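Engineer: Let me give you the structure first, and then I'll get to my questions.
FYI, it's all coordinate maths here, none of it is from the lab. In this text, all values refer to a predicted model and were calculated from it rather than measured experimentally. Virtual Cβ from ideal backbone geometry, glycine too; neighbours counted across all protein chains shown.
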Ligand SMILES: Cc1cc2nc3c(=O)[nH]c(=O)nc-3n(C[C@H](O)[C@H](O)[C@H](O)COP(=O)(O)OP(=O)(O)OC[C@H]3O[C@@H](n4cnc5c(N)ncnc54)[C@H](O)[C@@H]3O)c2cc1C
């Protein structure tokens, strides 16, 4: 069906409505730019809506290392009784738990407050690139037809780096191992008896993962750590594959091989938790639609099998009800766009600071899920955070495209921590603000922007750049 190309004009276009994209769009619009966010799905928020905890927002010491956009979002959730707050896992990190149903509303409230235009059910299929390498338009297809969206800056928050790759930026996928992290589908169960569940946890310490960082463990025993975990009163537990509860279930054939059953609260009112337990490994390429689609049936069956298992075998779940699956299959790892700086394993694990170039932070351990029952988990030194330099968000050779989120410029290990939702939101806020400042100053290339002025603006608007471990 031949269709006329429509035209639209914005100052800033953001591709992708996940954690990084919604932050980028809100920041660009808050800083005065006419901003469009384009999302293939029917709703905005991406994995923010999955029910999982938001990791990398705080370090293991409990200090917030991400602020600004995320604080505004959490305030919205809190105003609708959808904020459960920070919980320590006494394993590796502190995370924030929210109600994903409330989060759907909170995301829209923040975007609309700042005047962002959103196009959902819209797929970006092509680019218009000038002879100087400057991107001038994004071709978007949706029910209304095909539209070239013209803008001065393009913010690639697609997770896969779709704009950056089409514009010619170099990228990596996997490493010498050829491995890619498995795909998973989150689900939720309500009417969980938390006190009963926590009593079971206290009596089954060997089944739980705790004290995996020296800073958290100190001189404490597993039992002492589980007692602290349970004292928080929240249904937040990590059953490890090496432990008897999960290990025996896999050996009996009750469950498909998995590294974890992670349980985290999503709603006090519904006595509801999110379960992270399913996986399809085998190095599925998350940019191959047929390959991803082929995992859905298997993951759905794993969801149902795990939910049934929990009702039968885990105290506290006897009266629990299946409460729904996440809006989409979760893809942990695809392309990493190579930028002016590449965040390394050493940078993140040592908690390195980049005072002259930091625009965001992360704090989650390096977290690389593998096929079967294994997972690489490497803590950040001293329960602290690491900095993400601006150069990680600048794809090589592109003057007016920036990236944020899981497609940042990093090694596989660097991305294995920076991919969590805290740093994704912080990176998004950084590039949205940077794009706005470039337009204010009439700069053609984002590299002309003085990073100290960007850092100053980010801090004025609540971002955390320094002052924490
Ligand atoms: C199974 C799983 C478990 C995880 N567990 C946690 C956890 O517990 N805590 C945590 O903090 N993080 C967790 N993560 C990591 C984290 O959720 C993601 O890495 C993060 O949300 C990525 O955000 P993003 O904005 O980079 O990309 P995404 O959330 O992937 O968003 C990208 C968006 O772009 C859209 N898009 C892509 N291409 C196009 C296109 N061409 N046209 C239009 N739209 C497009 C997609 O539809 C998508 O909505 C998990 C991830 C997965 C998959």
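Engineer: Can you classify the stretch 111-173 as rounded, prolate or oblate using the Cα gyration tensor, where a ≥ b ≥ c are the square roots of its eigenvalues, rounded means a/c under 1.5, and otherwise it's prolate if a/b beats b/c and oblate if not?
Structural biologist: Working: a/c = 1.59, a/b = 1.45, b/c = 1.09.
Prolate is the answer for the stretch 111-173, as a/c is 1.5 or above and a/b outweighs b/c.
Engineer: Could you work out how far apart the two model spin labels at residue 42 and residue 301 are, taking each label as a point 7 Å from the Cα in the direction of the beta carbon, and quote it in nm?
Structural biologist: 2.6 nm
Engineer: From the Cα gyration tensor of the stretch 312-469, with a ≥ b ≥ c the square roots of its eigenvalues, which class applies: rounded if a/c is under 1.5, or else prolate if a/b is larger than b/c, or else oblate?
Structural biologist: Prolate shape, in that a/c is at least 1.5 and a/b is the bigger ratio.
Engineer: Report relative contact order for the stretch 56-169 in percent, whole number only (criteria: Cα-Cα under 8 Å, sequence separation at least 6). Please list the in-between numbers first.
Structural biologist: Working: 135 pairs, mean separation 17.7, N = 114.
Once divided by the residue count of the stretch 56-169, the mean separation gives 16 percent.
Engineer: How high is the relative contact order of the chain, in percent, counting Cα pairs under 8 Å that sit 6 or more residues apart? Don't skip to the answer; put the middle values down first.
Structural biologist: Numbers: 1220 pairs, mean separation 110.2, N = 469.
Result for the chain is 24 percent.
Engineer: Work the Kirkwood hydrodynamic radius out for the stretch 86-226: mean of 1/r over every pair of different alpha-carbon atoms, inverted, in Å.
Structural biologist: 20.7 Å
Engineer: Same structure again: Gain in length, residue 75 to residue 283, computed as 0.36 nm per residue apart minus the alpha-carbon separation, to one decimal in nm?
Structural biologist: In short, 71.1 nm is gained.
Engineer: Once the mean 1/r over all distinct Cα pairs of the stretch 270-363 is inverted, what Kirkwood radius in angstroms do you read off?
Structural biologist: 17.2 Å
Engineer: Follow-up. With only alpha-carbon atoms in the gyration tensor, what are the semi-axes of the equivalent ellipsoid for the chain, in Å, largest first?
Structural biologist: 36, 24, 20
Engineer: Would you please classify the overall shape of the stretch 255-303 from the alpha carbon gyration tensor, given that a ≥ b ≥ c denote the square roots of the eigenvalues, rounded means a/c under 1.5, and beyond that prolate means a/b larger than b/c while oblate covers the rest? Write down the numbers at each step before the final one.
Structural biologist: Values: a/c = 2.70, a/b = 2.02, b/c = 1.34.
Judged from the Cα gyration tensor, the stretch 255-303 comes out prolate (a/c at least 1.5, a/b above b/c).
Engineer: Taking a quarter of the surface of the convex hull around the Cα atoms of the stretch 369-417, what do you get in nm²?
Structural biologist: Average of the hull's projected areas for the stretch 369-417 equals 4.6 nm².
Engineer: Taking Cα atoms, how many degrees apart are the long axis of helix 421-440 and the longest axis of the chain, rounded to 10 and kept between 0 and 90?
Structural biologist: Roughly 10 degrees, rounded to the nearest 10.
Engineer: Return one number: the angle in degrees, 0 to 90 and rounded to the nearest 10, between the long axis of the Cα atoms of helix 69-79 and the longest principal axis of the Cα atoms of the chain.
Structural biologist: 50 degrees
Engineer: What value, in deg cm²/dmol to 500, does the helix sum -39500 (n - 2.57) over DSSP H runs of n ≥ 4 give at 222 nm once divided by the residues of the chain?
Structural biologist: When only DSSP H runs of four or more count, the value is -9000 deg cm²/dmol.
Engineer: I need the peptides 89-101, 413-425, 259-271 ranked by packing, meaning the mean over residues of other C-beta atoms within 10 angstrom, with the highest value on top.
Structural biologist: The peptides rank, most packed first, as 413-425, 89-101, 259-271.
Engineer: Mind ranking 447-454, 193-200 by how tightly packed they are, going by the mean number of other C-beta atoms within 10 angstrom, highest first?
Structural biologist: 193-200, 447-454
Engineer: Calculate how steeply helix 100-114 sits against the longest principal axis of the alpha-carbon atoms of the chain, using the helix alpha-carbon long axis, and give the answer as 0 to 90 degrees to the nearest 10.
Structural biologist: Computed tilt is about 20 degrees.
Engineer: What distance in nm separates the two pseudo spin-label positions at residue 311 and residue 136, each 7 Å out from Cα along the beta-carbon direction?
Structural biologist: So the two model labels end up 6.0 nm from each other.
Engineer: Antiparallel as a % of all DSSP beta bridges within the chain, to the nearest 5?
Structural biologist: Beta bridges within the chain, antiparallel portion: roughly 70 percent.
Engineer: What distance in nm separates the simple spin-label points at residue 382 and residue 445, each placed 7 Å from Cα in the Cβ direction?
Structural biologist: According to this spin-label approximation, the distance is 3.7 nm.
Engineer: Using 0.36 nm times the number of residues separating residue 143 and residue 196, minus their current alpha carbon distance, what extension gain do you get?
Structural biologist: Length gained between residue 143 and residue 196: 14.1 nm.
Engineer: Direction-averaged shadow area of the convex hull around the Cα atoms of the stretch 1-114, nm²?
Structural biologist: 8.8 nm²
Engineer: Return the inverse of the average 1/r over all pairs of distinct C-alpha atoms in the stretch 196-243, which is the Kirkwood hydrodynamic radius, in Å to one decimal.
Structural biologist: Hydrodynamic radius (Kirkwood, Cα pairs) of the stretch 196-243 is 10.9 Å.
Engineer: Whole Å is fine, so just give me how far the alpha carbon centre of the stretch 209-288 lies from that of the stretch 412-469.
Structural biologist: Going from one Cα centre to the other spans 33 Å.
Engineer: If packing is taken as the mean number of other Cβ atoms within 10 Å per residue, what is the order of 37-47, 77-87, highest first?
Structural biologist: With the highest mean Cβ count within 10 Å placed first, the list reads 37-47, 77-87.
Engineer: Once you have the alpha carbon radius of gyration of the stretch 194-281, what is it after dividing by 2.2 N^0.38 Å, with N set to its residue count?
Structural biologist: 1.12
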